[in-house]
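S.K.: Before I ask anything, here is the structure I am working with.
Nothing in this text is a laboratory measurement; each read-out follows from the coordinates by a stated rule. Model, not experiment: these values are computed from the prediction. Neighbour counts run over all protein chains shown; Cβ positions are idealised from the backbone, glycine included.
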Amino acid sequence: MSTGLMGIGMADLLADTRPSGYRPKAKRVLQVFCPGAASHLDLWDYKPELIKHHGQPLPGEEEMVSFQGKNGNLMRSPWDFQRRGQCGKHLSSLLPQLGEFADEMAFVHSMHSKSNTHGPGCLFMNTGFVQEGFPSAGSWMSYALGRENDNLPTYVAIPDVRGEPPNGKANWNSGFLPAQHQGVSINAANPIRNLKLPVGISLEKEEASRDFLRMLNRKHLAERAGDSELAARMASYELAARMQLAAPEVSDLGRESRSTHRAYGTDDSNALKAAYARNCLLARRFLEHGVRYVTLYCGSRASGVDGLMNWDAHKTLKSDYERHAPILDQPTAALLRDMKQRGLLDDTLVLWTTEFGRMPTHQAGTVGRDHNPDAFTTWMLGAGVKGGVSYGATDPFGRRAVQDKATVWDFYATVLHLLGLDHESVSFYHNGIDRRLTDVHGHVIDPILA
């Protein structure tokens, strides 16, 4: 009974949230997230004026104090930028393999954040709010679209082997949405526990026990109509039972060919790169088996040494990024190539995100960059995206977004649109307010749509 009612509710929701006559381009989303505020100025946002005026004060902000203190003079990127693809987009030589996709990427160069602190910044990029307790983007997609595979979660978060990102599980929490929409955290190094049947329990006995428990639970729920938390708990346990059969197959990377493992770099001598490569391969397997939303993290929370565990290069930008970039580049590019060859990019939307940008100056007394919430870059690729284009711009030094300024809410309004959803209609009534991923803001970024 509850399953039927949930299905009716989902059908009504989709009828209300999909624009009339609009055919969705994407069925699922892959989000690659680089925690630590990966520098737009050293990866994606080419600034000739920064090269020209290297070593000079930033005009108008000569005594600027930012997150960690006083800033020094302008600092050019230590890496050359090269024209890539038919579009001629200047991209950093740090990411040579990802640069191969320049003609398929749509860059948003005018992003800015409400926070200059990693934890709230990650939450803002992932949930649209700087405070904890709000649903993540993946949870909203799960709520709005429902399951494509009844035996797997709709939303999977794959943390880096080095640890969780700043603010941890709050980045994939379901907030006030029903609990079944929270992300399931799993990576290739830590498979799902307790999937095997106990010794002496046959599959037939297990299935009989599940059927009996299901009957008792449905009766219990029928006596407590409207208890969404109980229904969500039941759905979560039933999904866990079904995952006992489906998850081991999906997470078995041994089913992949030797050439596939080599392309991703799963046996690379760099243990961190190999671990991230296995996570990339796991992400592809989840996507092709019907998981709606996968967030793949490259980097973890901050450590006692800035820039060691993630992209937070306060003091030693060059050595930090020459450690992180190879981990990101080959495995992520291999993932995109693999998805393209399998036709997954035809109906999968790929996002690259981070929480904010970095300063065009060096941090006083260092050769690193401080936090910059006033400018950063994201990009999209895949289903429904116009490749080889750039939207918005920062000033000549990359200090601030100045042209066609874009918000996190605009970003997700566009994501929802590509999934066939109206961001103003995907809402949930909570504490007297119809809450949305885009809050009371957001506009679809039309110029990056195919």
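S.K.: Taking 41 Å as R0, compute the FRET efficiency from the Cβ-Cβ separation of Ala179 and His54 and round it to 0.05.
M.R.: 0.20
S.K.: Still on this structure, I have one more. Pull up the DSSP beta bridges for the chain and report the antiparallel fraction as a percent, rounded to 5.
M.R.: 55 percent
S.K.: Can you compute the charge dipole magnitude of the chain about its Cα centre, using +1 on each Lys and Arg Cβ and -1 on each Asp and Glu Cβ, nothing else charged? Give it in debye, rounded to the nearest 20.
M.R.: 680 debye
S.K.: Please list, in chain and number order, the residues 5+ apart from Arg358 or on another chain whose amide H is under 5 Å from its amide H, with Hs placed from the backbone.
M.R.: Amide H neighbours of Arg358: His40, Leu41, Asn372.
S.K.: Here is a follow-up. What does the charge count near Ala333 come to, summing +1 for each Lys or Arg and -1 for each Asp or Glu among other residues with Cβ under 13 Å from its Cβ?
M.R.: +1
S.K.: At a Förster radius of 45 Å, what calculated FRET efficiency corresponds to the Cβ-Cβ distance of Lys405 and Lys205, to the nearest 0.05?
M.R.: Here the calculated transfer efficiency is 0.15.
S.K.: Once the dipole of the chain is set up with Lys and Arg at +1 and Asp and Glu at -1 on Cβ about the Cα centre, which of Thr377, His430, Gly183 lies farthest towards its positive end?
M.R.: Result: Gly183, furthest along the dipole toward the positive end.
S.K.: How many angstrom separate the Cα center of the stretch 61-78 from the Cα center of the stretch 170-242?
M.R.: If we compute the Cα centre of each part, the gap is 51 Å.
S.K.: Apply the Karplus parameterisation 6.51 cos²θ - 1.76 cosθ + 1.60, with θ equal to phi minus 60°, to every residue of the stretch 422-428 and state each ³J(HN,Hα) to the nearest whole Hz, in sequence, with x for glycine and proline.
M.R.: After applying 6.51 cos²θ - 1.76 cosθ + 1.60, I find 8, 4, 7, 9, 7, 9, 8 Hz.
S.K.: At R0 = 51 Å, how high is the FRET efficiency between Cys87 and Arg233 if r is their beta carbon distance? Nearest 0.05 is fine.
M.R.: Computed FRET efficiency for Cys87 and Arg233: 0.55.
S.K.: Oh, and also: Quick one: which residues, 5+ away or cross-chain, put their amide H under 5 Å from the amide H of Val402? H built at 1.01 Å from N.
M.R.: Amide H to amide H, under 5 Å and 5 or more residues apart or across chains, Val402 pairs with Ala393, Thr394, Asp395.
S.K.: Follow-up question, since we're still on this one. State, to one decimal in nm, how far the label point of Gln97 lies from the label point of Leu213, with both points 7 Å from Cα in the Cβ direction.
M.R.: Going by the 7 Å Cα→Cβ label model, 4.2 nm.
S.K.: Note down the net charge around His220, summing +1 for each Lys or Arg and -1 for each Asp or Glu among other residues with Cβ under 11 Å from its Cβ.
M.R.: Result for the neighbourhood of His220: +3.
S.K.: May I ask you to sort Ser303, Ser257 by Cβ crowding, counting other Cβ atoms within 10 Å and putting the fewest first?
M.R.: In order of increasing Cβ crowding within 10 Å: Ser257, Ser303.
S.K.: Which one of Leu95, His109, Tyr46 has its Cα pushed farthest toward the positive end of the charge dipole of the stretch 39-193, where Lys and Arg give +1 and Asp and Glu give -1 at the Cβ?
M.R.: Leu95
S.K.: Still on this structure, please answer the following. Where does the chain land at 222 nm, in deg cm²/dmol rounded to the nearest 500, when only DSSP H runs of n ≥ 4 count, each adding -39500 (n - 2.57), divided by all residues?
M.R.: -10500 deg cm²/dmol
S.K.: What net charge is computed for the residues neighbouring Gly290, neighbours being all others with C-beta under 10 Å from the C-beta of Gly290, Lys and Arg scored +1, Asp and Glu -1?
M.R.: Overall, the nearby charge balance is +1.
S.K.: Long-range amide H contacts for Asn71: which residues qualify at under 5 Å (H placed 1.01 Å from N, peptide plane, sequence gap of 5 or more or a different chain)?
M.R.: Met64, Ser66, Ala364
S.K.: Can I ask one more? Treat the count of other C-beta atoms within 10 Å as a stand-in for reagent exposure and order Ile158, Ile433, Ile327 from fewest to most.
M.R.: Ile433, Ile327, Ile158
S.K.: Tell me, what is the percent relative contact order of the chain, built from C-alpha pairs under 8 Å that lie six or more residues apart?
M.R.: Relative contact order comes out at 30 percent.
S.K.: Still on this structure, please answer the following. Once phi is turned into θ = phi - 60°, what whole-Hz ³J(HN,Hα) does the Karplus curve with 6.51, -1.76 and 1.60 give for every residue of the stretch 436-450, x standing for Gly and Pro?
M.R.: Values per residue, Gly and Pro as x: 9, 4, 8, 6, 10, 10, x, 9, 5, 7, 4, x, 9, 8, 6 Hz.
S.K.: So what J values fall out for the stretch 105-118 if you push phi through Karplus, 6.51 cos²θ - 1.76 cosθ + 1.60 with θ = phi - 60°, rounded to Hz, Gly and Pro as x?
M.R.: Karplus values, whole Hz, x for Gly and Pro: 8, 10, 8, 10, 8, 10, 6, 8, 10, 8, 9, 10, 10, 4.
S.K.: Give me the lysines in straight-line cross-link reach of Lys89: C-alpha distance below 22 Å, same-chain residues under 8 apart excluded.
M.R.: Lys47, Lys52, Lys340, Lys386, Lys405
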